[in-house]
1. Give or take rounding to whole Å, what are the principal axis extents of the alpha carbon atoms in segment 72-304, in descending order?
2. What do you get for Rg/Rh of segment 222-278 when both radii come from the Cα atoms and Rh is the Kirkwood radius?
3. Kindly provide the helix-only [θ] at 222 nm of the chain, computed as the sum of -39,500 (n - 2.57) over DSSP H runs of four or more divided by all residues, to the nearest 500 deg cm²/dmol?
4. So if I take the centroid of the Cα atoms in segment 356-386 and the same for segment 193-248, what is the distance between those two points in Å?
5. If you bin the C-alpha pair distances of segment 187-312 every 5 Å from 0, what whole percents do you get?
6. State the extension gain, in nm to one decimal, for the chain segment bounded by residue 105 and residue 276, taking 0.36 nm per residue of separation less the distance between their alpha-carbons.
7. Under 8 Å for C-alpha pairs, at least 6 residues apart: give me the relative contact order for the chain, rounded to a whole percent.
8. Can you give the angle from 0 to 90° between the axis of helix 78-95 and the longest principal axis of the chain, with both taken from C-alpha atoms, to the nearest 10?
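The values are calculated or read from the model by the stated rules, or taken from the named source; none is laboratory data. Please read all numbers here as calculations on a predicted model, not as lab measurements. Note: accessible area is taken over every heavy atom of the protein model, side chains too, but ligands, DNA and RNA are not part of it. Shrake-Rupley method; radii C 1.70, N 1.55, O 1.52, S 1.80 Å.
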Amino acid sequence: MPGSSIDCNALRQLGDDIFGHPPFLTLGQPAPYIRLAQMKLTSHPLFEKLRIFAPGPTPVPEEVLAILGKAPVHHRTPEFAATWERVWKNLEYLYQTKQPCYVLSSSGTGAMEATVTSCLSTGDEVLVLNAGKFGERWTSIAKAFGLKVHEVVTPWGDAINPDEVKKALTTHPAVRAVLFQAVETSTGVLHPVREIAKTVHDNSSALIFVDAITALGVCELPMDAWGLDAVISGSQKALMLPPGISTIAFSERARKARERATIPSFYFDLKNDDKSRKLGQTAWTPAVGLIAGLDLILQRFKEAGLEAVFKHHLRLAEGTRRGLQASGFELLAKHAPAPSITAVMLPKGCDKGEALIEYVRARFGVTIAEGQDHLKGKMIRIGHLGYFDELDMITVLSAVEMAAQHVGIPVNFGAGPAAAGRYFLEGSL
Ligand SMILES: Cc1ncc(COP(=O)(O)O)c(C=O)c1O
């Protein structure tokens, strides 16, 4: 990597020592950091494992992979209609709502866009609670459709303060919708969704749109009980599926707003979905394979019970945080860390985050996420939403420590996995 401290020659030599030949692919003459990413030095490719610890896409359980490997059924058949019916019902369970849910063939951003275009009209005023990279995305989407955007900007790492929301609603009484994240994935913060929603309801008639892409299926987010008007998720997160579909549920208030909304759209005009739904069908050709996978995951959630699913995530998050802190890293989200992702800062002045990330990928086949924007190189982010268990977290904590040691980031070597292990053995929630 340009400017990084990774010594490619030493790594290549290490490969030579292990295998008798450098184990990386030679595709022309790629830049050194690309060659590095193609290396895998601990094992021969025959034994190679790729491990994803990003906050999405997340690993996919084998039983879902088996479903995805089957020939797709046609979507205008009774077989698919039965799956579709079950998915609708079980999404209502996951969302804790009595309202109908939608499945879109898009990543999560498509569902964010569909929410804006379905419920609002050009020129409407909205309030974005921007506390990171994905808060910024709400602003970009809203501006793209000609909405007048007001923002409450929260420093990265902090949770949104409902009092600031109240102030902004008082200053801008014409706001028609308040848009924010449940978990801000760029900072690893869990925002106080319930308190924010109450503040909005107490101080305005604005709709509440929650990007729950890294929160739904991770933590308590009962849509109806908390009065949320649109809640959005994506398949490649806690739903343990590959990327490609997203989900939305709208409240009764949002459905009324949809009747008067005028932003034009075609593919994401959900009125088509409403019409098709009455016939037990989808508007367009759906992602049948992913929907079959979703069907299975939703059934598994129901069998486990949401409470158990949430508890599992809390446990993994707590163990991961303890481990990273014991290694010597500092949480970015000190006061409201998310149950789905942990973001930690490297020691002050250290910007070797990218080198660490490249090293875990090159050496161990482990993918973790980097810091974004001004935190690029200064932090790392580890996902623990979806198909992870305790030993997975100990594995990634070990990989991070080894990489840190290698690239010259001071760590308490061995302390992270030990602290997590102790917690997983003895700790209770
Ligand atoms: C909170 C949040 N919002 C939005 C997105 C964008 O989702 P997608 O990449 O599926 O469009 C992500 C993706 O990581 C996210 O974490």
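1. Per principal axis, max minus min of the Cα coordinates gives 53, 37, 27 Å.
2. Ratio of gyration radius to Kirkwood radius for segment 222-278: 1.01.
3. -14000 deg cm²/dmol
4. That distance is 26 Å.
5. Using 5 Å bins, I get a P(r) of 2, 9, 16, 20, 21, 17, 11, 5, 1 for segment 187-312.
6. 60.0 nm
7. It rounds to 21 percent for the chain.
8. Around 80 degrees separate the two axes.
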